[in-house]
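Structure first, commentary second.
The values are calculated or read from the model by the stated rules, or taken from the named source; none is laboratory data. Remember, predicted model here, so these are calculated numbers, not experimental data. We place every Cβ from the backbone using ideal geometry, glycine too, and count neighbours over all the protein chains shown. Areas reflect the complete protein model, heavy atoms only, side chains present, ligands, DNA and RNA absent. Shrake-Rupley method; radii C 1.70, N 1.55, O 1.52, S 1.80 Å.
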Amino acid sequence: MAFTWHEEAKMGIDFEKGGVADVGDGVFVYVGPDGDSNNGIVLTGEGTISIDSFVRNYAGLTAALERVSDRPVRFAINTHDDADHFSMNHFFRRQGAVIMASEACRSRIETKMRMPSWVEDLRRRNPALAHELTSPEELVPHVGVADRATLKIAGERIELLHFGHGHCPGDLVVNVPERGVLFAGDLLFAGVHGRLKTADIDSLIAMLERLAGIPCQTVIPGHGMPVKGVGKQAIDIYRDYLVVLRARITELIGNGVTPDRIAAELEGWKYGNWGRAELFPVCAEHVYKDVAWHMRFSLDNPAQIMTRA
Ligand SMILES: [Zn+2]
């Protein structure tokens with residue numbers, strides 16, 4: 001079945017240029033250009049909540065924040081520790097925001113910010129703002145959430161939920177139940193391929209089942225267009241994407257196909273028409289490695305798997 005619903009829901013946004021999607025009820029999403037990360041903006045009577053930020057798109061997100069509210073950011077939440085989801089923390093911190101993440105994510109950012117190579121990499125993401133990154137520890141979240149936390153702000157309940165290691169060890173989702181909006185971070189890609197370098201595929205699939213059980217109208221994926229009105233459908237589709245991909249790759253490994261040939265073998269597969277096609281070979285390789293790891297056999301000799309299976 002062709003994946004078409006996201007085509008109808010682009011909210012006037014040019015995929016290549018990105019832009020601001022108004023998903024209603026005081027919730028906005030700065031959609032990064034070319035499938036870069038989505039940055040959420042939730043307006044409340046006590047100031048703004050920002051969810052994820054990427055320093056490469058500093059200008060776009062800053063303009064979006066200024067356009068929708070003149071209040072400062074009170075809370076900045078990171079859904080995980082990839083650079084495209086936390087790299088403006090220092091700017092929000094200087095505004096007085098409290099930075100929050102899962103504890104696994106918080107400690108991973110802390111470790112990364114002690115590594116000069118990581119800090120240099122962040123500086124390169126936006127050379128014009130490199131001089132701002134003077135104290136890497138400014139990017140380390142103030143608060144680490146073990147499993148779940150509730151924010152009560154302007155009388156409204158907002159839930160921060162950490163279900164474990166899916167896309168990466170520190171995944172956090174942000175549920176805004178009174179507005180029917182769920183920010184899924186990179187646990188969810190909608191209509192675009194994405195890297196799965198640190199993903200545990202089995203756990204990610206199980207986690208998507210849990211996510212689909214959270215009542216919501218609108219879901220904001222880590223990458224791809226926000227999905228309005230049919231949030232659960234988007235989660236189910238990405239779960240199916242992973243289930244199909246895992247099954248096909250398991251089969252290919254069984255047939256002795258080597259990682260470099262996996263993407264070619266999968267040409268024309270069920271979700272082959274998704275955007276960011278250039279990322280698919282690396283995504284397929286990540287799934288290959290995870291599947292092979294779970295099979296506990298050497299990647300150098302896939303034939304072994306066939307004989308032992
Ligand atoms: Zn991302």
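Taking interchain pairs and intrachain pairs at least six residues apart, which have beta carbon atoms under 6 angstrom, with the first residue in segment 258-281 and not assigned by TED's automatic domain parsing to the domain that holds ARG195 and the second part of a loop (DSSP other than H, G, I, E, B)?
Matching pairs, first to second residue: GLU265/VAL257; TRP274/GLY191; TRP274/HIS193; GLY275/GLY191; ARG276/HIS193; LEU279/HIS193; PHE280/HIS193.
Please determine whether any residue of segment 45-67 is more than 16 Å from the ligand (Cβ to nearest atom) and at positive phi.
yes
Working carefully through the options ILE158, ILE153, find the one that is within 22 Å of ASN38 (Cα to Cα), at pLDDT 95 or above and away from the ligand (no atom under 15 Å from the Cβ).
Selected residue: ILE158, the only one of ILE158, ILE153 that is within 22 Å of ASN38 (Cα to Cα), at pLDDT 95 or above and away from the ligand (no atom under 15 Å from the Cβ).
Please tell me if VAL181 is away from the ligand (no atom under 16 Å from the Cβ), buried (at least 19 other Cβ atoms within 10 Å of the Cβ) and within 15 Å of ASP52 (Cβ to Cβ).
yes
Filter segment 96-122 for residues that are within 21 Å of VAL42 (Cα to Cα) and in a loop (DSSP other than H, G, I, E, B); which is nearest to the ligand (Cβ to nearest atom)?
Of everything passing the filter in segment 96-122, ALA97 is nearest to the ligand (Cβ to nearest atom).
Could you tell me whether segment 211-218 includes any residue that is in contact (Cβ under 8 Å) with a residue 24 or more places away in the chain, outside the structural domain of PHE54 (by TED's automatic domain parsing), open to solvent by 10 Å² or more (accessible area, probe 1.4 Å) and under 27 Å from ASP22 (Cα atoms)?
No: segment 211-218 contains no residue that is in contact (Cβ under 8 Å) with a residue 24 or more places away in the chain, outside the structural domain of PHE54 (by TED's automatic domain parsing), open to solvent by 10 Å² or more (accessible area, probe 1.4 Å) and under 27 Å from ASP22 (Cα atoms).
Just checking, which of LEU151, LEU208 is in a helix (DSSP H, G or I) and crowded, with 17+ Cβ neighbours inside 10 Å?
Working: LEU151 fails: in a helix (DSSP H, G or I).
Exactly one of LEU151, LEU208 is in a helix (DSSP H, G or I) and crowded, with 17+ Cβ neighbours inside 10 Å, namely LEU208.
Given (1) in contact with a helix residue (DSSP H, G or I) (Cβ under 9 Å, 6 or more places away or on another chain); (2) free of Cβ contacts under 8 Å to residues at least 12 places away in the same chain, identify the lone condition not met by PRO127.
(1)
State all residues of segment 184-198 that are surrounded by fewer than 24 Cβ atoms within 10 Å (Cβ to Cβ) and closer than 24 Å to ARG108 by Cα; if no residue qualifies, say none.
ARG195, LYS197, THR198
Residue under question is ARG56, and the condition is that it be open to solvent by 40 Å² or more (accessible area, probe 1.4 Å), in a helix (DSSP H, G or I), in contact with a His (Cβ under 9 Å, 6 or more places away or on another chain) and modelled with pLDDT of 95 or more; does it hold? Step through it out loud before you land on a result.
Details: open to solvent by 40 Å² or more (accessible area, probe 1.4 Å): yes; in a helix (DSSP H, G or I): yes; in contact with a His (Cβ under 9 Å, 6 or more places away or on another chain): no; modelled with pLDDT of 95 or more: yes.
For ARG56, the condition - open to solvent by 40 Å² or more (accessible area, probe 1.4 Å), in a helix (DSSP H, G or I), in contact with a His (Cβ under 9 Å, 6 or more places away or on another chain) and modelled with pLDDT of 95 or more - is not met.
Please state which of the following conditions ALA130 fails to meet, knowing it meets all the rest: (1) under 25 Å from GLY18 (Cβ atoms); (2) within 16 Å of the ligand (Cβ to nearest atom).
Among (1) under 25 Å from GLY18 (Cβ atoms); (2) within 16 Å of the ligand (Cβ to nearest atom), the lone unmet condition for ALA130 is (2).
Hey, among ALA130, ALA199, which residue is part of a loop (DSSP other than H, G, I, E, B) and either in contact with a Gly (Cβ under 6 Å, 6 or more places away or on another chain) or closer than 30 Å to ASP14 by Cβ (or both)?
Residue meeting the stated conditions: ALA199.
State all residues of segment 82-95 that are more than 15 Å from the ligand (Cβ to nearest atom) and open to solvent by 10 Å² or more (accessible area, probe 1.4 Å); if no residue qualifies, say none.
Across segment 82-95, the qualifying residues are PHE91, ARG93, ARG94, GLN95.
Looking at (1) of a type in the set (Ser, Thr, Tyr); (2) surrounded by fewer than 20 Cβ atoms within 10 Å (Cβ to Cβ); (3) outside any helix (DSSP H, G or I), find the lone condition where THR79 falls short.
Failed condition: (2).
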